[in-house]
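A.B. asks: Structure incoming, see below.
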Amino acid sequence: MSKKLEFLTLETSQQADAAVIWLHGLGADGNDFKAIVPSLNLPQSAAIRFIFPHAPMRPVTINGGMPMRAWYDILEMSLERKVDMANIDESVEQVTQLIEQQIDAGISSERILVAGFSQGGVIAYQVGLLGKYKLAGVMALSTYLADANLIPMATDSINGQASLLIHHGTQDPVVPYELAVRAHGELEAKGYQIEKASYPMPHSVCPEQVVDISRWMQKVLAIN
């Protein structure tokens, strides 16, 4: 079994009935998105446990082998993105353990969202579309599919009817916008339910997007 991930937690209520597992990008850590939660302006009725894991430290080939927090090694920065799939599988297992911890704590898997930015989004896709737990939805921010050929048809995925949110910056120099367009097309062709939006931003998050994330989150988790 893979080593358990360390993580930060932020509670919006004393008794959470939903959870959001939010995965950071390359070289960041769980603090990266924790600061966004107040900006979501969620209603007082929201009872969400936000979980922000820290990726393991590992050498990253495209950064000269320098160790940093990474969900997987990136071997090549071509548009096709050559990545270490064994690392991805390990990270998927670790995030699945976090889902199981929340289920053990009394939160139904169908009240759990998995979100990810950049590298974290790659893992979110894998956990949601290839995983064994039925989730509320998957949020994929400024990211891509590691291998579209691995993704089953929606009819064959436990989350084939789950809500998928794809957000991307049209000026992203790190993960080209074309990769979001490609992922959207491939997933749509396989029958997934997708909500997609783009923003005139680089590899980042913008205020307009945060409003849209909050709206989607409240809709998917049926928060009034």
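Here, each number is a calculation from the coordinates, and none is a lab measurement. The structure presented is a predicted model; accordingly, all values stated were derived computationally and were not measured. Note that each Cβ is placed from the backbone with ideal geometry, even for glycine, and that neighbours are counted across all protein chains shown.
A.B. asks: Past 29 Å, Cα to Cα: identify those pairs from K4/K190; K4/K219; K4/K34; K3/K196; K3/K134, in the order given.
C.D. replies: Cα-Cα > 29 Å for K4/K190; K4/K219; K3/K196; rest within.
A.B. asks: List the aspartates and glutamates whose Cα lies under 20 Å from the Cα of K82, skipping any in the same chain that are fewer than 8 positions away.
C.D. replies: D73, E90, D147, D172, E178, E186
A.B. asks: I've got another one for you. Within the chain, what's the longest run with no trypsin sites (Lys or Arg not before Pro) in a DSSP loop and at most 13 other beta-carbon atoms within 10 Å? Give the range, please.
C.D. replies: 5-131
A.B. asks: For the chain, report the % of Cα-Cα distances exceeding 31 Å.
C.D. replies: Above the 31 Å cut-off, the chain has 13 percent of its Cα pairs.
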